[in-house]
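The values are calculated or read from the model by the stated rules, or taken from the named source; none is laboratory data. Quick caveat, the model's predicted, so the values are computed rather than measured. Positions of Cβ are generated from backbone atoms using ideal geometry, with glycine treated the same way; all protein chains shown enter the neighbour counts.
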Amino acid sequence: MSNIKDLKKKLSLVIHNPKDGIVQTVTPFIWGKPGIGKSQAVKQMAKAMGIDFIDLRLSQLESADLRGIPVPNEKEGISKWYPPEFLPFEGISRYEGTSGIILLDELNRARADVLQAAFQLVLDRSVGMNKLLDSWHIVAAGNLGEEDKTDVIEMDSALKNRFIHFHVDVELKAWQDWASKAGVNQDVQDFLAGKPKWLYYVANQEDNIYVTPRSWEKFSDILNQNSDIDPMEITTVLGPDILFGAAGEFRKYLEQKEIISGKDVVASYDKVKEKIHKMPRDQVYSLNSDIVSYILKLKNITKKHIENVHNFTHENLEDDIYIAFMQDLTKKCTASNIDFIDKYLDSYKEEAKEIVENLSNQS
């Protein structure tokens, strides 16, 4: 089972940049639960390669959408198929000189007639007489059926054998790496770091309602777009509609997060450490970003500041969380030309080598 980060690595071995002149010979099929980032991963890969991306939700299409429509040619006494505008077939002027990835999403939820057209596209890189441009790649994706409560069509072994199969699931660390780069709301990141069970969970088994990484991304967008409004108010009004049961837990997190600030840790850790030791893990982790923000504002970095940060991290953070904290602090201090990290490493020389090695391995 792979996470999204692993998936991108595997796809990179199958999907090559069209500039390399390699025509696709193997089609990946990505299996996974709804909302975990399958289609986003493929879209991000296309963007990184500088090529186009077409997302086709096959469960919403009819066979004519792929095959095109027959148009009579009275002169020759035949009919010819006019291809759809959204598929990059040879002879369509708008696609001349283009390259990209076509994602056949929800493939195993498509109607039987749509499946037949899709399989011809996968196997022969054509539909009817229309041939796909060599500069375009195909990736398929689908859901799991009984395991994730989706209504799917079972593909026979002969069809499955035509694909290379990548199975993907949710993993917090991989999601955190993506969320940090994607600008996901910091409160959302900190809450899930402390309570990862809420990243993907069944909100209502009877009605097949799930809260997924996609749900958190949507909620994050709402928080970021309304930054002038108290997040507690937003969570109260909209949280139950997006996060369901997790909304109550997120409210608790918001209620407690302001009890101790990053300034309290950096300036006077000894005064607040007993309270921190009693805090839930998500509340402890939520201090990390606030600590970094406060450090970036310091005009005079003292030995006591460095000692307080050292004691906080070593008394309260697990190894992986500690490394993530140091990585974030290093990156932001470097970008802001703050020498806190240099002074930190100089103060704790016995740990410096290990810290640098861990940060290098994580980069």
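Any residue in the range 288-295 that is of a type outside the set (K, R), under 30 Å from A203 (Cα atoms) and surrounded by 14 or more Cβ atoms within 10 Å (Cβ to Cβ)? Yes, there is a match, as at least one residue in the range 288-295 is of a type outside the set (K, R), under 30 Å from A203 (Cα atoms) and surrounded by 14 or more Cβ atoms within 10 Å (Cβ to Cβ).
Those helices (runs of 4 or more DSSP H) of the range 227-319 in which 1 or more residues are under 15 Å from L329 (Cβ atoms) occupy 262-278, 281-297, 303-316.
For the range 224-249, give me each residue that is under 17 Å from S289 (Cα atoms) and crowded, with 16+ Cβ neighbours inside 10 Å. If the condition is that a residue be under 17 Å from S289 (Cα atoms) and crowded, with 16+ Cβ neighbours inside 10 Å, then P231 is the only one that fits. Can you name the residue in the range 316-346 that is under 31 Å from the mean Cα position of the chain (by Cα) and surrounded by fewer than 15 Cβ atoms within 10 Å (Cβ to Cβ) and, of all such residues, is nearest to H277 (Cα to Cα)? In this case the residue turns out to be E318.
What about S293, is it at pLDDT below 95, under 26 Å from I338 (Cα atoms) and within 28 Å of the chain's Cα centre (by Cα)? So S293 fits the description; yes.
When the residues of the range 117-143 are narrowed to those that are assigned to a strand (DSSP E or B), at pLDDT 90 or above and within 28 Å of the chain's Cα centre (by Cα), which ends up nearest to G97 (Cα to Cα)? Among those that are assigned to a strand (DSSP E or B), at pLDDT 90 or above and within 28 Å of the chain's Cα centre (by Cα), it is W136.
Could you grab me the full set of residues in the range 215-226 that are assigned to a helix (DSSP H, G or I) and over 19 Å from the mean Cα position of the chain (by Cα)? Passing the criteria: only Q225.
Could you list, in sequence order, the residues of the range 61-79 that are touching a residue at least 24 places away in the same chain (Cβ under 8 Å) and not in a loop (DSSP other than H, G, I, E, B)? Before the answer, list the steps.
Taking the range 61-79 first, the residues touching a residue at least 24 places away in the same chain (Cβ under 8 Å) are 61-63, 65-68.
Result: S63, D65, L66, R67.
Taking the numbered list (1) closer than 30 Å to D228 by Cα; (2) crowded, with 16+ Cβ neighbours inside 10 Å in turn, K181 passes all entries but (2).
Residues satisfying the criterion are present in the range 239-262 (criterion: touching a helix residue (DSSP H, G or I) at 6+ places or on another chain (Cβ under 6 Å) and charged (D, E, K, R)). Each residue in the range 1-39 was checked for being under 13 Å from the mean Cα position of the chain (by Cα) and free of Cβ contacts under 8 Å to residues at least 40 places away in the same chain, and 1 of them qualify. Of the residues making up the range 90-101, one or more are part of a strand (DSSP E or B), touching a residue at least 40 places away in the same chain (Cβ under 8 Å) and buried (at least 20 other Cβ atoms within 10 Å of the Cβ). Scan the range 105-135 for residues that are polar (S, T, N, Q) and in contact with a strand residue (DSSP E or B) (Cβ under 7 Å, 6 or more places away or on another chain) and the total you get is 4. Within the range 36-53, is even one residue over 27 Å from L144 (Cα atoms), out of contact with any Pro (no Cβ under 9 Å at 6 or more places or on another chain) and not in a helix (DSSP H, G or I)? Yes, some residue in the range 36-53 is over 27 Å from L144 (Cα atoms), out of contact with any Pro (no Cβ under 9 Å at 6 or more places or on another chain) and not in a helix (DSSP H, G or I).
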